[in-house]
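The values are calculated or read from the model by the stated rules, or taken from the named source; none is laboratory data. Small disclaimer: the values here were computed from a predicted structure and weren't measured. Glycine also receives a Cβ, built like all others from the backbone with ideal geometry; neighbour counts cover every protein chain displayed. Just so you know, the surface numbers come from the protein's heavy atoms only, side chains and all, with ligands and any DNA or RNA stripped out. Shrake-Rupley method; radii C 1.70, N 1.55, O 1.52, S 1.80 Å.
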Amino acid sequence: QVQLVESGGGLVQPGGSLRLSCAASGSMFGISLMGWYRQAPGKERELVAVVSSGGTTTYADSVKGRFTISRDNAKNTVHLQMNSLKAEDTAVYYCNVEIGGAHNYWGQGTQVTVSS
């Protein structure tokens, strides 16, 4: 019954910025990880960034230094600030939440297009 609602996607020029947000709702306990994945046409879904309940962050090498993930545990929300966007960042971005290491939930996805 957990639902994830994503927002913030859109069209942006190379070098621009976007901020993605994901809000989790429903009965849930013990959220361990919150993060973002993305999938571009012809490619497999890949991890972009993840943050633990303790605030530890992990980033894909391709986005290090450009993207920043953050979470608000009280609000069950996670954000992805994307700066210096490149055409290669174009993809559908999915919010992901892991609860208790046994349950995994996904958002519907939000399109990010970087083009001039």
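Just a yes or no: is a residue in region 96-111 assigned to a loop (DSSP other than H, G, I, E, B) and closer than 12 Å to LEU18 by Cα? Among the residues of region 96-111, not one is assigned to a loop (DSSP other than H, G, I, E, B) and closer than 12 Å to LEU18 by Cα, which makes the answer no. Just to verify a result, which residue in region 74-86, among those that are assigned to a loop (DSSP other than H, G, I, E, B) and open to solvent by 20 Å² or more (accessible area, probe 1.4 Å), is nearest to CYS22 (Cα to Cα)? Checking each candidate, the answer is ASN76. If the condition is being in contact (Cβ under 8 Å) with a residue 60 or more places away in the chain, within 18 Å of ASN73 (Cα to Cα) and open to solvent by less than 50 Å² (accessible area, probe 1.4 Å), then region 1-28 contributes VAL2, LEU4, GLU6, LEU20, CYS22, ALA24, MET28.
The residues of region 65-86 that are in contact with a strand residue (DSSP E or B) (Cβ under 6 Å, 6 or more places away or on another chain) and closer than 28 Å to SER25 by Cβ, listed by number, are PHE67, THR68, ILE69, SER70, ARG71, ASN76, THR77, VAL78, HIS79, LEU80, GLN81, MET82.
For region 29-43, filtering for residues that are among the aliphatic types (A, V, I, L, M), open to solvent by less than 40 Å² (accessible area, probe 1.4 Å) and part of a strand (DSSP E or B) leaves 2. If I ask for residues that are open to solvent by 30 Å² or more (accessible area, probe 1.4 Å), in contact with a strand residue (DSSP E or B) (Cβ under 6 Å, 6 or more places away or on another chain) and under 19 Å from GLN13 (Cα atoms), which ones from region 87-116 would you list? Across region 87-116, the qualifying residues are ALA87, THR90, VAL92, GLN111, THR113. Restricting to region 47-73, what's the tally of residues that are surrounded by 13 or more Cβ atoms within 10 Å (Cβ to Cβ) and either in contact with a Pro (Cβ under 6 Å, 6 or more places away or on another chain) or in a strand (DSSP E or B) (or both)? Here the count works out to 14.
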